[in-house]
Amino acid sequence: MSKNTPIPDDDFSLFRDAVKGVKKLQQDTITPPRRQTTEQSKKKLSDSTVRDHTFYFSDEFEPLLKEDGPTQYARTGVSKYEVKRLRRGVYVPDMFLDLHGMTQMEAKRELGALIAACIKEDISCACVMHGIGKHILKQKTPLWLAQHPDVLAFHQAPLEFGGDGALLVLIEIPEK
């Protein structure tokens, strides 16, 4: 049948008989809650603590880190024993950050927020789960952490905290 071929009256009458007595449904679509506007989200991100802590992360600067073996770092003046203690799992993280599925900008912002939150809540050890994936965040996260002045040391996490896909970070808590 083509578009221009008239439909026999029998089909229309059959259809009318089939839907006789049916009433139209009222549309009751539930509207989703309003998302924050870009101005509101920008205002949220302009919080001074987060901004101050993300300021330290640069993509151009690459600190000298060991390329062989597990990922590890100790700031100048920090005992290598602290790195050993991180590796052995002596420090148990009190805060966890999962970077899976984030962009580099989001990951930087979240790392800054994590460090700010740890300092605010007097938490000295945190776990950053960057995952393995395409190795982008796995490579960038240690470079960013090594640039931050409040990070004392970090080491690849033991298996119970994520192994190759995570870092245990030791954060300097200022005296109050």
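Quick note: the coordinates plus some simple rules give every number you see, no bench work behind them. This structure is a prediction, so every number in the text was calculated from the model and none was measured. Neighbour counts run over all protein chains shown; Cβ positions are idealised from the backbone, glycine included.
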Query raised in the report: Can you give the Rg and Dmax of the stretch 70-171 based on its C-alpha atoms, in angstrom?
Result: 12.2, 35
Report summary line: For the stretch 83-149 the GluC sites (Glu not before Pro) that pass both the DSSP coil test and the at-most-16 other-Cβ-within-10 Å test are GLU121
Query - Pair GLU172, GLU106: separation of 7 Å Cα→Cβ label points (nm) - result: 3.2 nm
Query raised in the report: Say each of PHE15 and GLU67 gets a label point 7 Å from the Cα, pointing the same way as Cα to Cβ; how far apart are those two points in nm?
Result: 7.2 nm
Query raised in the report: What percent does the relative contact order of the stretch 70-171 come to when contacts are Cα pairs within less than 8 Å and at least six residues apart?
Result: 37 percent
